[in-house]
Amino acid sequence: MFNKGEIAFRLVPVKKALNALDLVAIAAELNASLSGGRVIRVYRLGDSHYFKIRASDVTYLIANPRRISQTWRIPQNLSPSPLRKFIEDCVINRFEVNLDRVMGINLNCGKLIIELIPPFNMVFTVDGKVKWLLHEYRGKDREVKVGSAYSEPPRRFLDPRFFDSLLKLSEEAGLNDEALAKGLGLGIDWAREVCTRSGCSDLVLVWGSIRGILEALHLGRLEPVIYTSPSYVSPIPLHSIKGEFKRVESFNRAVDDYFTLIEVEKVAEERVKGIEDEIARLESSIRELEDTISSYLKEAKDLRSKGELIMGRLYEFNELHEVLLRAYMADKDSFKAKVKGIEYGGIKVIDYDPLRKTVKLMVNDSEVELKLGESPGETAAKYFEEAKRLERKAKAAEVKLMELRSRVNELRSKVNETTEEAKEAIRFVANREWFERFRWFITSGGLPVLAGKDAGQNEVLVKRYMNPWDLFLHADIQGGPVTVIKVAKDREVRQQDLIEAAQYAAAYSKAWRLGANSMDVYYVKGEQVSKKAPSGEYLSKGGFMVYGQRGWIRGVELTVSIGLRIDGDVIRLVSAPPMAIGSLANYYVTLKPGNGERSEVANRIKELFTKKYPEARQVPVEHIIEHVPGPSLIIESNEGNPITWDNVKGIFSKATG
């Protein structure tokens with residue numbers, strides 16, 4: 001039996017993947033937020049798929065062997081998935097789970113089944129037939145391949161939603177955490193939680209605990225938490241874990257916070273694997289080279305010692321050498337036998353090699369060789385020369401060793417940089433405010449300004465967001481954004497605010513692309529602008545009619561600033577006239593028309609942003625390009641002091657109130 005006293009001492013493991021009941025909680029939240037949403041893009045990176053979904057706002061869903069959940073962190077270098085041609089533009093009807101780590105996403109074009117059970121798989125079916133899958137599977141129980149009827153993984157446990165299942169389990173295996181984990185498919189973590197709550201001694205109490213947990217998860221009555229010690233994420237606070245935890249606004253958000261750390265480490269490990277393999281090879285070479293250098297120096301020392309020994313007693317060696325030569329000349333055949341053991345002045349003959357004509361001598365416990373054909377002085381010189389040769393080789397090897405060590409240090413730095421880059425390349429996706437779909441800024445006088453990005457947005461601005469008392473601005477050229485200053489009724493607009501809005505309208509007009517340095521901009525009240533064409537005429541999309549007297553801002557200088565603002569985990573790009581950007585961005589650059597291609601300028605801007613704020617690595621260059629009006633020249637960069645994002649939202653909210 002598993003009692004409460006034992007539970008407190010059980011170690012809860014770090015969660016490495018969502019379990020079946022976690023998926024119940026995930027599905028409950030997804031049904032509330034994403035049902036009716038449309039799949040607009042499907043991407044893949046590593047073992048993860050990312051689904052870009054437009055519901056009330058644009059959001060992302062991630063699926064991989066560890067989890068299925070919403071994600072607010074999007075890595076760079078995503079690639080289109082082959083699945084996209086089957087489900088892009090499809091509408092999500094409902095998310096459903098089967099208590100076996102399998103989630104189904106019912107779409108108006110078919111059904112996407114995501115199996116978290118190993119081996120991780122994703123299967124898209126239409127009317128039960130497999131149209132696409134991540135990988136084919138053949139096992140004892142089923143076969144999954146394109147064209148076949150899809151069958152779910154067989155359930156190897158009793159359904160925990162029914163009391164009869166628990167009754168049968170208790171009769172066959174008793175009531176304990178392992179029985180509940182396997183027999184009811186709860187998994188060991190939830191089984192421990194049930195036993196912690198009920199004591200696992202009374203059938204009714206155990207059933208009440210299981211039912212209470214299942215109801216909370218199915219109905220979405222969640223209190224998501226992330227435990228710090230042990231590291232764990234749960235849709236509800238657990239009685240079986242006593243560590244510290246923090247509450248999170250949703251379980252999907254908690255899962256994303258928790259698993260992103262794991263997944264970033266995994267990506268980083270994959271990126272640095274090749275570098276670490278090279279480091280291992282170099283370190284092996286370093287060890288071999290160190291042994292070689294040690295061997296060279298040891299041998300050189302030994303040779304030098306022998307040369308010094310001969311030169312220190314050169315007289316005795318010369319005398320002995322003459323004795324040996326006479327003996328050799330007298331009788332070559334018996335020379336070895338006659339001279340072995342001869343001792344002269346403490347120098348003893350211990351052997352003779354007839355092939356090399358070399359006599360081996362022992363002096364003060366050191367062996368020295370003398371050749372009969374050369375004098376001891378010549379032999380000593382050769383010892384010294386060989387020692388020098390080995391010392392030169394050791395020195396050359398040390399130079400190589402230093403190069404290898406330097407390369408290892410460079411690679412270790414690269415490992416750290418690559419790991420940090422992997423972490424910083426995860427882009428946090430915040431829910432967009434309504435005004436962020438347009439170009440926007442706030443004037444130095446605190447007035448919100450909106451501008452269209454294309455003809456469609458120009459149309460929307462005039463029809464839906466412009467009040468009769470707002471100010472409408474447009475560059476005096478065909479091809480430019482509708483620019484609207486949102487003002488309170490009967491409020492006068494400062495000249496400086498007008499100039500800034502005019503500068504914005506001019507910067508994103510066709511004039512920039514034509515290389516102009518200045519442009520006239522006119523302004524009227526919103527009530528003077530109409531989408532109705534005169535009788536017999538036609539207005540194209542984004543076109544409009546302006547009636548009555550116009551005000552003019554003449555010779556508006558074409559210049560614009562692009563800035564980076566950091567709001568906690570969220571990094572945003574903003575653009576504004578130079579006089580207004582300082583209150584919107586932490587750091588910004590200012591542009592004027594020039595010869596630099598948009599992509600070239602955007603890359604340079606990213607370099608400047610990243611140098612100042614390394615987390616700017618996560619900003620895609622493509623997003624910066626959207627803010628560059630045309631061929632440009634960067635003329636300056638500065639730091640700003642931005643107002644809070646809540647203040648930004650408040651200013652735009654007040655304007656539409």
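The values are calculated or read from the model by the stated rules, or taken from the named source; none is laboratory data. The structure displayed is predicted, hence computed values, not measured ones. No Cβ is skipped: glycine too gets one built from the backbone with ideal geometry, and neighbour counts run over all protein chains shown. These accessible areas exclude ligands, DNA and RNA; they are computed on the full protein's heavy atoms, side chains included. Shrake-Rupley method; radii C 1.70, N 1.55, O 1.52, S 1.80 Å.
Results, tabulated for the structure shown:
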item: Lys273 vs. criteria assigned to a strand (DSSP E or B) and either of a type in the set (Gly, Ala, Ser) or without any contact (Cβ under 8 Å) to a residue 24 or more places away in the chain (or both); result: no
item: Some residue of segment 85-101 being of a type in the set (S, T, N, Q) and over 26 Å from Ile571 (Cβ atoms); result: yes
item: Residues being within 28 Å of Val621 (Cβ to Cβ) and either open to solvent by 50 Å² or more (accessible area, probe 1.4 Å) or small (Gly, Ala, Ser) (or both) - total across segment 541-568; result: 5
item: Residue count for segment 576-596, restricted to those that are within 11 Å of Ile635 (Cβ to Cβ) and either assigned to a loop (DSSP other than H, G, I, E, B) or open to solvent by 10 Å² or more (accessible area, probe 1.4 Å) (or both); result: 4
item: Meets criteria (free of Cβ contacts under 8 Å to residues at least 60 places away in the same chain, in contact with a Ser or Thr (Cβ under 6 Å, 6 or more places away or on another chain) and under 28 Å from Lys592 (Cβ atoms)) for Glu636; result: yes
item: Any hit, segment 18-28, residues being touching a residue at least 12 places away in the same chain (Cβ under 8 Å) and either in contact with a Cys (Cβ under 8 Å, 6 or more places away or on another chain) or open to solvent by 30 Å² or more (accessible area, probe 1.4 Å) (or both); result: no
item: Wholly enclosed strands (runs of 3 or more DSSP E) of segment 408-507 bearing at least 1 residues within 14 Å of Pro577 (Cβ to Cβ); result: 439-442, 448-451, 471-475, 483-485
item: Output for segment 293-343, where each listed residue is open to solvent by 40 Å² or more (accessible area, probe 1.4 Å), in a helix (DSSP H, G or I) and β-branched (Val, Ile, Thr); result: Val323
item: The one condition in (1) of a type in the set (A, V, I, L, M); (2) open to solvent by less than 10 Å² (accessible area, probe 1.4 Å); (3) more than 20 Å from Asn64 (Cβ to Cβ) that Ile74 fails to fulfil; result: (3)
item: Residue that is most open to solvent (accessible area, probe 1.4 Å), among those in segment 610-657 that are within 13 Å of Asn586 (Cβ to Cβ) and among the small types (Gly, Ala, Ser); result: Ser637
item: Segment 1-34, subset among the polar types (S, T, N, Q) and at pLDDT below 95, residue farthest from Glu115 (Cα to Cα); result: Asn3
item: Where a residue in segment 29-45 is more than 19 Å from Ile74 (Cα to Cα) and its partner, wherever it lies, is assigned to a strand (DSSP E or B) and aromatic (Phe, Trp, Tyr), with Cβ under 8 Å and at least six apart; result: Asn31/Phe95; Ser35/Phe95
item: Single match in Glu265, Glu193, Glu215 (criterion: over 24 Å from Asn176 (Cβ atoms) and not small (Gly, Ala, Ser)); result: Glu265
item: Leu309 within 23 Å of Glu386 (Cα to Cα), in contact (Cβ under 8 Å) with a residue 40 or more places away in the chain and not charged (D, E, K, R); result: yes
item: Tally of residues being over 37 Å from the mean Cα position of the chain (by Cα) and not aliphatic (A, V, I, L, M) across segment 505-519; result: 4
item: Of residues in segment 41-71 being modelled with pLDDT under 90 and outside any loop (DSSP other than H, G, I, E, B), the one surrounded by the fewest Cβ atoms within 10 Å (Cβ to Cβ); result: Val58
item: All positions within segment 195-253 that are assigned to a helix (DSSP H, G or I) and of a type in the set (Gly, Ala, Ser); result: Ser198, Gly208, Ser209, Gly212, Ala216
item: Residues located in segment 639-650, provided they are under 29 Å from Lys592 (Cβ atoms) and of a type in the set (Val, Ile, Thr); result: Ile643, Val648
item: Subset of segment 111-140 [open to solvent by 40 Å² or more (accessible area, probe 1.4 Å) and on the phi > 0 side of the Ramachandran plot]; result: Asp127
item: Residue check, Gly183 at negative phi and either within 37 Å of the chain's Cα centre (by Cα) or open to solvent by less than 40 Å² (accessible area, probe 1.4 Å) (or both); result: yes
item: Criterion violated by Lys145 - all others in (1) in contact with a Ser or Thr (Cβ under 6 Å, 6 or more places away or on another chain); (2) free of Cβ contacts under 8 Å to residues at least 60 places away in the same chain satisfied; result: (1)
item: Single condition Lys532 does not satisfy, out of (1) of a type outside the set (Asp, Glu); (2) within 20 Å of Pro468 (Cα to Cα); (3) in a helix (DSSP H, G or I); result: (3)
item: Residue in segment 510-524 that is out of contact with any Lys or Arg (no Cβ under 6 Å at 6 or more places or on another chain), under 13 Å from Glu557 (Cβ atoms) and part of a loop (DSSP other than H, G, I, E, B) present; result: yes
item: All positions within segment 153-169 that are buried (at least 18 other Cβ atoms within 10 Å of the Cβ), in a helix (DSSP H, G or I) and not aliphatic (A, V, I, L, M); result: Ser165
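Here's the yes/no breakdown for (1) among the hydroxyl-bearing types (Ser, Thr, Tyr); (2) open to solvent by 20 Å² or more (accessible area, probe 1.4 Å); (3) touching a residue at least 12 places away in the same chain (Cβ under 8 Å):
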residue: Phe472; (1), (2), (3): no, no, yes
residue: Ile477; (1), (2), (3): no, yes, yes
residue: Pro481; (1), (2), (3): no, no, yes
residue: Asp490; (1), (2), (3): no, yes, yes
residue: Ser518; (1), (2), (3): yes, yes, yes
residue: Tyr522; (1), (2), (3): yes, no, yes
residue: Glu527; (1), (2), (3): no, yes, yes
